[in-house]
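Written out below as C-alpha cells is the structure these notes cover.
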Amino acid sequence: MIQLKQQILQCKVCAPLFDHHPNPVVSFNSKSKVLLIGQAPGRIVHESGVPWDDKSGDNLRAWMHVSKEQFYKPDNFALIPIGFCFPGIGKSGDLPPRKECAPLWHTQILDKLTHVKLIILVGSYAQGYYLKSDQKKTLAERVKNFDSYLPDYFVLPHPSPRNNIWQAKNPWFEKEVLPALKVQVSTAIKS
C-alpha cells in the first residue's frame, strides 16, 4: 500500500501536457471504510496537496455531516479523484480531469481497499467513469435516483459553490438525498 501510494505521488505521466508541475493528490489506506471518488484537484488543492482542502470540501463535509478530523482520517475516508493532478484552467473553469489516471491507478488502489463499506461518486466525471451503462442519464436524474445505485455506489453532484444554482433548482436534493447520505456515511464509519 505504501509503495503504491509513493508511485502515485511520483507519477509524471501527464507532465508534458501541463503548463505546471504535476502534484498528484490522494489519501487512502488499507482500512479506509468510505471511498470517495471525485473529479480532480482544483488550483487550491494543487497548491496545498491536501484533498478537498477548499470550499468544495467544506460543502462536502457538511453534506456528509463529518468533521475535518473524521474526513482526513484515512481509516475513515479514501480520497481518490478521477484525475490525480490539477488539470489546468479552461475558458469557464478548471479543465476536465486527465483521462490517464483512473485507468492507470484505480484498479490497483481498489484491490487494496478491502474494508470499504461505501463508495461515493462525486460529480459527473466520477459517475461517467463508473456508471458507464447510465451515460444517457443526466447528473440530476442519477442523483434523484441515488437509492437505485445502492449498495454499490452513492451518487452526488459536485459540491462546488458554483453548483449552488443547481441545488436551488433541485430542492429535493437537500430534503431527500442529504439525510440518506448522512446515514450511509455514519453507518460505514462506525462499522
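Worth a mention:
- Test result for Phe18, among the hydrophobic types (A, V, I, L, M, F, W, C) and either within 14 Å of Pro97 (Cβ to Cβ) or touching a Phe, Trp or Tyr at 6+ places or on another chain (Cβ under 7 Å) (or both): yes
- Selection of segment 27-82 for residues being small (Gly, Ala, Ser), at pLDDT 95 or above, more than 22 Å from Asp152 (Cβ to Cβ) and surrounded by 21 or more Cβ atoms within 10 Å (Cβ to Cβ) yields Ala40, Ser56, Gly57.
- Some residue of segment 127-134 being within 25 Å of Lys68 (Cβ to Cβ) and of a type outside the set (D, E, K, R): no
- Residues of segment 93-105 that are touching a helix residue (DSSP H, G or I) at 6+ places or on another chain (Cβ under 8 Å), at negative phi and of a type outside the set (A, V, I, L, M, F, W, C): Asp94, Pro96, Pro97, Arg98.
- The set of residues in segment 10-53 that are more than 14 Å from the chain's Cα centre (by Cα) and free of Cβ contacts under 8 Å to residues at least 60 places away in the same chain comprises Gln10, Lys12, Ala15, Pro16, His21, Asn29, Arg43, Ile44, His46, Glu47, Ser48, Gly49.
- Selection status of Gln7, farther than 25 Å from Ile189 by Cβ and either touching a residue at least 12 places away in the same chain (Cβ under 8 Å) or not acidic (Asp, Glu) (or both): yes
- The one condition in (1) modelled with pLDDT of 95 or more; (2) surrounded by fewer than 15 Cβ atoms within 10 Å (Cβ to Cβ); (3) not acidic (Asp, Glu) that Ser92 fails to fulfil: (1)
- Within segment 6-31, the residues that satisfy the criterion of being polar (S, T, N, Q) and outside any loop (DSSP other than H, G, I, E, B) are Gln6, Gln7, Ser27.
The values are calculated or read from the model by the stated rules, or taken from the named source; none is laboratory data. Everything quoted here is computed from the prediction, not taken from an experiment. We place every Cβ from the backbone using ideal geometry, glycine too, and count neighbours over all the protein chains shown.
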